[in-house]
Amino acid sequence: MFGDVGHGLLLFLFALAMVLAEDRPAVKASQNEIWQTFFGGRYLLLLMGLFSVYTGFIYNECFSRATTIFPSGWSVAAMANQSGWSDAFLAQHAMLSLDPNVTGVFLGPYPFGIDPVSPRQACPWVVVAGGGAGTPDA
């Protein structure tokens, strides 16, 4: 099972075509062993495609490409502006910390699915102070 809107939609449409054509005698009488296997599992394939579309929306993936449906709830710029990080400070510190309590850093949870720009995914070198809402350990 995979989470991808595009691939799931193709699988769903293929299975839907088999379900809609299940009463045709030519479809049932086929001697192709692979076709018989797919046709026998048409309802399973239909559900797999449907749930793959659902999990693809959660993962923000379509044909293995990242998608951004909603704007992110995190802003690195707000933390950089309020903390006074200088070029020298950034050169000396490999790990940075985002504090969700600083105004403008955490703007709210992502409406549906995983925030594509959450600190733990987009910038693994950025540490979120205290976890904060919207992070995987919150």
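The values are calculated or read from the model by the stated rules, or taken from the named source; none is laboratory data. Just so it is clear, the structure is predicted and the values come from calculations on it, not from any experiment. Counting neighbours? That spans all protein chains shown, and the Cβs are built from the backbone with ideal geometry, glycine included.
Key figures for this structure:
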{"quantity": "Residues being of a type in the set (S, T, Y) and touching a helix residue (DSSP H, G or I) at 6+ places or on another chain (Cβ under 7 Å) - total across segment 45-65", "calculated": "1"}
{"quantity": "Yes/no for D23 being modelled with pLDDT under 80 and not hydrophobic (A, V, I, L, M, F, W, C)", "calculated": "no"}
{"quantity": "Residue match in segment 12-27 (condition: among the hydrophobic types (A, V, I, L, M, F, W, C), over 30 Å from V105 (Cβ atoms), assigned to a loop (DSSP other than H, G, I, E, B) and not assigned by TED's automatic domain parsing to the domain that holds L107)", "calculated": "yes"}
{"quantity": "Positions within segment 32-78 being over 19 Å from the mean Cα position of the chain (by Cα), closer than 24 Å to P116 by Cα and outside any helix (DSSP H, G or I), in sequence order", "calculated": "S75"}
